[in-house]
Amino acid sequence: MKQNNYKQLRNEKVTRIIFRIYLQYNRVICNNDTPIETAKKQLRTEIIKLLGNNEFPLTATFAQAEISILLTTNNELVIISVKSQNILLERYIKRKLNYKKVYVKALRKMKIYSMPIKIIHA
């Protein structure tokens with residue numbers, strides 16, 4: 001009888017330990033960005049660098065666009081589309097970003113990514 005109780009207590013302790021490890025592991029995983037999200041943030045940072053300081057002449061306080069970009073196997077950006085109400089902004093983004101190299105490793109190549117762009121009057 002004592003042997004049975006001992007085994008049962010030991011099994012309960014092991015189960016509790018495994019459950020605690022599982023909870024800790026999930027907290028760590030859930031709180032961290034995924035590698036893809038981190039890579040998308042890096043891509044956004046690279047795009048902001050390529051656009052540079054606001055050389056675009058704005059008539060309003062800001063201009064915005066939605067861009068679709070293809071990342072080639074050579075890590076070059078190819079602008080698929082720029083959706084904006086400002087045609088000059090579309091041309092500016094295409095001129096600054098098309099066929100420019102970026103250094104983001106974790107993103108899948110030959111995939112189209114969409115991203116909002118907002119240029120604020122400085």
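What do you reckon, is residue 96 under 24 Å from residue 36 (Cβ atoms), among the charged types (D, E, K, R) and in the same structural domain as residue 40 (by TED's automatic domain parsing)? Lay out the reasoning, then the answer.
Numbers: under 24 Å from residue 36 (Cβ atoms): no; among the charged types (D, E, K, R): yes; in the same structural domain as residue 40 (by TED's automatic domain parsing): yes.
No; evaluated as a whole, the condition is false for this residue.
When you scan the range 20-31, do you find a residue that is modelled with pLDDT of 85 or more, polar (S, T, N, Q) and assigned to a helix (DSSP H, G or I), even just one? No - not one qualifying residue is present in the range 20-31.
The values are calculated or read from the model by the stated rules, or taken from the named source; none is laboratory data. It should be emphasised that the depicted structure is a prediction, and the values quoted were computed from it without experimental measurement. Heads up, the Cβs are rebuilt from the backbone with ideal geometry, glycines too, and the neighbour counts pull from every protein chain shown.
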